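Below you'll find the structure, written out as structure tokens, and then a few comments.
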Amino acid sequence: MSAPGGVASGSPLLGGAPEPTLLELSVPGRRAWQLPDTGVPETPLGTLLPAELLRDAPPALPEVSERDLVAHVTRLAHRQYAVDLGAYPLGSCTMKYNPKAFDALVAWPELNAVHPASPPALAQGWLALLVALEEALCALTGMAAATLQPAAGAAGELTGLLLVRAWHHDRGERRTEVVIPDSAHGTNPASVRLAGYRAVTVPTAPDGGVDLDALRQVVGPQTAAIMLTNPNTLGLFEQRIEQVAAVVHDAGGLLYYDGANLNAIAGVVRPGDMGFDIVHLNLHKTFATPHGGGGPGAGPLAVVADLAPYLPGPRPVRVGEDRYDLQVPERSIGRVHSWHGNALVLARALAYLQVHGADGLRRVAQLAVLNARWLQARLRACFELPYDQPCLHEFVVSAAGLRRRYGVRALDVAKGLLDRGVHAPTVAFPLIVEDALMFEPTETESPQTLWAIAQACAALVEDLERPGGPERLRAAPTRTPVRRVDEARAARQLVPVEGPPLPPEALRDRPAAAGPS
Ligand SMILES: *Cc1c(COP(=O)(O)O)cnc(C)c1O
């Protein structure tokens, strides 16, 4: 008997077979759903739309049964690494474990079945929740007011810079530059450009903080703001933050706090007390929303009283005892997101804040720091520490020594860790560290897990001493579903596969299934 149309869906039992795409699994007429006949005659599309807008042929969408679809997605999920599978020490990203109770909470229809366009009178509970979150975030950051609209950290950055622009504009000033340290996250200079400013870089001093003399040279009447994260991307607390604030404020500029690293200091010290005027928070990093799959996230922006009139609107506000409404601030820059932002992420964050309370949050920060310091101390034996100080919630080591001795790079170390069951740290960032590996174990990992990460690093370095060790590391990973892809070839000779099923020979030779380079 010959096989029916479509590709046999790659059973895991067959081993090694590349997973077909949905288009390759497609068989005409298959459906993942069925609805009973309504008895209502179908209206031909041609009677609803002008003929020239109609397609000649239906779109070539995959046609698969629910059974095949679920199997396909489940097989893909089993090839993935995820926070729920184990530690994910990806520095800067704060890939902590998020308790399932917060997911259960936002599954309540009382929260998620409220239409976002409901008039305030019918959404008092949601508005109360949003106001409570705004107040909690302001208390945590030392700010006066906030917007919950921005969808992520980068969106908060752009919103904040548009506020900076509006504020200077109202003072009759056209400032053109925003200062950022050379250790900054890539979204900082990108947001600066998007907001129409020029990014001016200030170098990092040998101790890992901002070089104050260099700062004085680049700050002037053209400076709209400085963007800093504290602790910075080296995981080090900016000791001279008060002097930095004075230099920028004296020149008439504002201080923007990139709050992606807040889990290091939450409940311990407030950005407002360091001199910052604007703060974004990454709720999907710090407060109980899983991330990594591209969203949704939330990047609320909190500001000092002077900047509150410029916040996006409409904003939920308390207008009486237990009464809430929506208001547009008088000098608002306008909306930056539909409705109130990614509301279910906001609900998770409020729950997380209320469950922990001030003491609990401080404990979260202390554990994040303790875990990172423990791992930093352990990894000292494996790697170089270019900024050798006790870290806060993350730290950066350099694999440059391994490169000199064995000819392997930070990327090889990252790939080798995958074979040892440990998710790779962030590589090649921050840019100021050669062959950088940036570890952030987060507060949710146990001592046993930290020990396992340290052991994996030690075993990897030890193997480099053995015959063939460097070659083995350069060939890693060998135990993952997909081995090392040729990234240059994937970028230059990308062959996206679309259309009717490919013959099996073509599937076998697909570049995506290529082995290590
Ligand atoms: C993650 C991160 C950002 C960007 O935040 P997104 O929510 O990913 O847009 C900015 N700065 C730092 C330091 C970060 O770690």
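The values are calculated or read from the model by the stated rules, or taken from the named source; none is laboratory data. For clarity, every value in this text was computed on a predicted model and none was experimentally measured. For neighbour counting, all protein chains shown are included, and Cβ atoms are generated from backbone atoms with ideal geometry for every residue, glycine included.
Any chance the stretch 76-93 includes a residue that's touching a residue at least 60 places away in the same chain (Cβ under 8 Å), within 16 Å of the ligand (Cβ to nearest atom) and in contact with a helix residue (DSSP H, G or I) (Cβ under 8 Å, 6 or more places away or on another chain)? Yes, that holds for at least one residue. Only a single criterion out of (1) within 16 Å of the ligand (Cβ to nearest atom); (2) of a type outside the set (Phe, Trp, Tyr); (3) at pLDDT 95 or above is not satisfied by residue 292, namely (3).
Take the residues in the stretch 216-237 that are touching a Pro at 6+ places or on another chain (Cβ under 8 Å) and within 13 Å of the ligand (Cβ to nearest atom); name whichever of them is farthest from residue 394 (Cα to Cα).
Step one: filter the stretch 216-237 for residues touching a Pro at 6+ places or on another chain (Cβ under 8 Å), giving 228, 230, 232-234, 237.
Within this subset, residues satisfying the condition of being within 13 Å of the ligand (Cβ to nearest atom) are 228, 230, 232-234.
On the way: 228: 16, 230: 12, 232: 9, 233: 8, 234: 7 Å.
Among those residues, the one meeting the criterion is 228.
The residue that is nearest to the ligand (Cβ to nearest atom), among those in the stretch 144-169 that are more than 15 Å from residue 353 (Cβ to Cβ) and not in a helix (DSSP H, G or I), is 152.
Condition check ((1) away from the ligand (no atom under 16 Å from the Cβ); (2) part of a helix (DSSP H, G or I); (3) within 24 Å of residue 113 (Cβ to Cβ)) across all residues:
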site	(1), (2), (3)
308	yes, yes, no
313	yes, no, no
325	yes, no, yes
334	yes, no, no
338	yes, no, yes
345	no, yes, yes
348	no, yes, yes
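Quick one: in the stretch 115-135, of everything that is among the small types (Gly, Ala, Ser) and surrounded by 15 or more Cβ atoms within 10 Å (Cβ to Cβ), which residue is farthest from residue 358 (Cα to Cα)?
Top of the filtered list is 123.
The set of residues from the stretch 438-479 being within 19 Å of residue 408 (Cβ to Cβ) and assigned to a loop (DSSP other than H, G, I, E, B) comprises 466, 467, 468, 476, 477, 478, 479. Within the stretch 266-289, the residues that satisfy the criterion of being within 16 Å of the ligand (Cβ to nearest atom) and among the β-branched types (Val, Ile, Thr) are 278, 279, 286, 289. Just one residue in the set 248, 303 is farther than 23 Å from residue 354 by Cα, crowded, with 20+ Cβ neighbours inside 10 Å, β-branched (Val, Ile, Thr) and more than 16 Å from the ligand (Cβ to nearest atom); that residue is 248. Among all positions in the stretch 110-126, there is at least one residue which is in contact with a strand residue (DSSP E or B) (Cβ under 7 Å, 6 or more places away or on another chain), touching a residue at least 12 places away in the same chain (Cβ under 8 Å) and away from the ligand (no atom under 16 Å from the Cβ). One residue alone among 196, 186, 156, 172 is farther than 30 Å from residue 431 by Cα and out of contact with any Asp or Glu (no Cβ under 7 Å at 6 or more places or on another chain), and that residue is 172. Of all the criteria given as (1) outside any helix (DSSP H, G or I); (2) closer than 20 Å to residue 236 by Cα, the one not satisfied by residue 408 is (2).
Is it the case that the stretch 357-379 has a residue that's part of a strand (DSSP E or B), surrounded by 24 or more Cβ atoms within 10 Å (Cβ to Cβ) and more than 16 Å from the ligand (Cβ to nearest atom)?
So far as the stretch 357-379 goes, no, none of its residues is part of a strand (DSSP E or B), surrounded by 24 or more Cβ atoms within 10 Å (Cβ to Cβ) and more than 16 Å from the ligand (Cβ to nearest atom).
Under the condition of being under 12 Å from the mean Cα position of the chain (by Cα) and either of a type in the set (D, E, K, R) or surrounded by fewer than 24 Cβ atoms within 10 Å (Cβ to Cβ) (or both), the residues counted in the stretch 261-300 number 9. The helices (runs of 4 or more DSSP H) located wholly in the stretch 225-294 that include 3 or more residues which are under 30 Å from residue 104 (Cα atoms) and in the same structural domain as residue 192 (by TED's automatic domain parsing) occupy 283-286.
Among the residues that make up the stretch 280-292, is at least one of them touching a Ser or Thr at 6+ places or on another chain (Cβ under 9 Å) and among the hydrophobic types (A, V, I, L, M, F, W, C)? The answer is yes, given that some residue of the stretch 280-292 is touching a Ser or Thr at 6+ places or on another chain (Cβ under 9 Å) and among the hydrophobic types (A, V, I, L, M, F, W, C). In the set (1) surrounded by fewer than 16 Cβ atoms within 10 Å (Cβ to Cβ); (2) under 21 Å from residue 87 (Cα atoms), the condition left unmet by residue 388 is number (2). Do we find that residue 186 is within 16 Å of the ligand (Cβ to nearest atom), farther than 23 Å from residue 339 by Cβ and surrounded by fewer than 21 Cβ atoms within 10 Å (Cβ to Cβ) in this structure? Against the criterion (within 16 Å of the ligand (Cβ to nearest atom), farther than 23 Å from residue 339 by Cβ and surrounded by fewer than 21 Cβ atoms within 10 Å (Cβ to Cβ)), residue 186 qualifies.
Report yes if residue 172 is without any contact (Cβ under 8 Å) to a residue 60 or more places away in the chain, assigned to a loop (DSSP other than H, G, I, E, B), away from the ligand (no atom under 16 Å from the Cβ) and among the small types (Gly, Ala, Ser), otherwise no. Against the criterion (without any contact (Cβ under 8 Å) to a residue 60 or more places away in the chain, assigned to a loop (DSSP other than H, G, I, E, B), away from the ligand (no atom under 16 Å from the Cβ) and among the small types (Gly, Ala, Ser)), residue 172 qualifies.
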